[in-house]
Amino acid sequence: MKYYILFGPPGAGKGTQATPMARRYNLRHISTGALLRAEIAAGTPLGKEAARLIDKGALVPDEVVEGMIESAFSAEKEAAGFILDGFPRTVSQARDLDAMLARRGESVTAVVSLIIPDAVVKERIAGRAAIEGRADDAAPEIIENRIRTYHEKTEPLIAYYKEAGLYHEVAAEGTIEEVGARVNGLVDRF
Ligand code: AMP
């Protein structure tokens, strides 16, 4: 199985790129953010707890997202592999992912990192708020908090995956198709 991590700040276009990538390479797209939003929409206890953190732009606990990832891995029978979008988001999640995959005799295939300046991120998130109606996209202070959380907690993963020889960058500015072509060029190598 292939395990691609689509990496980047909020608003980099991970979800947008994951859809055509999943179709092209027969991969299952797992977005922890989308899974959490589904729990919130269904009004589950987990969703209610998660909403309190998501609405502040904070991260939900590792066990919550790791449980979701593990069941998504176990449920999959047909795809050639996975695109992880929004996971891992901390070094401890990355370590847990490595352990989870090792138990299955698998490992991360490649990290595709979408590179985009903070200023563009803010514009994109503001634009998305109008289209998708996400509560965590709406307020400037929540967006700031998510970007800060990204720099503090998620960016250290770059060094983690560089060390592992798995880290690859793609310029994420341009049209969806332009960025998609760069992503495909990278995925074709692994
Ligand atoms: P996203 O759709 O990836 O931007 O995720 C939306 C929100 O869900 C994030 O701001 C976090 O609050 C939460 N979330 C998603 N993935 C994770 C994760 N791997 N670890 C912790 N929190 C997450």
The conditions are (1) touching a strand residue (DSSP E or B) at 6+ places or on another chain (Cβ under 6 Å); (2) loosely packed, with under 12 Cβ neighbours inside 10 Å; (3) among the basic types (Lys, Arg), and ARG182 fails exactly one of them. Which is it? (2)
Odd one out for ILE115, checked against (1) over 24 Å from ILE69 (Cα atoms); (2) free of Cβ contacts under 8 Å to residues at least 60 places away in the same chain; (3) surrounded by 11 or more Cβ atoms within 10 Å (Cβ to Cβ): (2)
Restricting to region 87-111, name every residue that is outside any helix (DSSP H, G or I) and within 15 Å of the ligand (Cβ to nearest atom). PHE87, PRO88, ARG89, THR90, VAL108, VAL111
Whether any residue in region 158-168 is in contact with a Pro (Cβ under 8 Å, 6 or more places away or on another chain) and either assigned to a helix (DSSP H, G or I) or among the hydrophobic types (A, V, I, L, M, F, W, C) (or both) is what I want to check. no
Test GLY174 against the stated conditions and say whether it is away from the ligand (no atom under 16 Å from the Cβ), in contact with a helix residue (DSSP H, G or I) (Cβ under 9 Å, 6 or more places away or on another chain), over 30 Å from ALA41 (Cα atoms) and part of a loop (DSSP other than H, G, I, E, B). yes
Look at region 21-34 and say how many of its residues are more than 8 Å from the ligand (Cβ to nearest atom) and either part of a helix (DSSP H, G or I) or modelled with pLDDT under 95 (or both). 5
Output the number of residues of region 5-32 satisfying the condition of being within 25 Å of ARG103 (Cβ to Cβ), under 10 Å from the mean Cα position of the chain (by Cα) and of a type outside the set (A, V, I, L, M). 4
Give the residue, chosen from ALA58, ALA79, ALA18, ALA12, that is surrounded by 13 or more Cβ atoms within 10 Å (Cβ to Cβ), assigned to a loop (DSSP other than H, G, I, E, B) and in contact with a Ser or Thr (Cβ under 8 Å, 6 or more places away or on another chain). ALA58
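Every residue, every condition in (1) touching a residue at least 24 places away in the same chain (Cβ under 8 Å); (2) more than 19 Å from GLU152 (Cα to Cα), yes or no:
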| residue | (1), (2) |
| --- | --- |
| ALA42 | no, yes |
| LEU53 | no, no |
| ALA58 | yes, no |
| GLU63 | no, yes |
| GLU70 | yes, yes |
| SER92 | yes, no |
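The values are calculated or read from the model by the stated rules, or taken from the named source; none is laboratory data. Note that this is a predicted model, so its numbers are computed, not measured. No Cβ is skipped: glycine too gets one built from the backbone with ideal geometry, and neighbour counts run over all protein chains shown.
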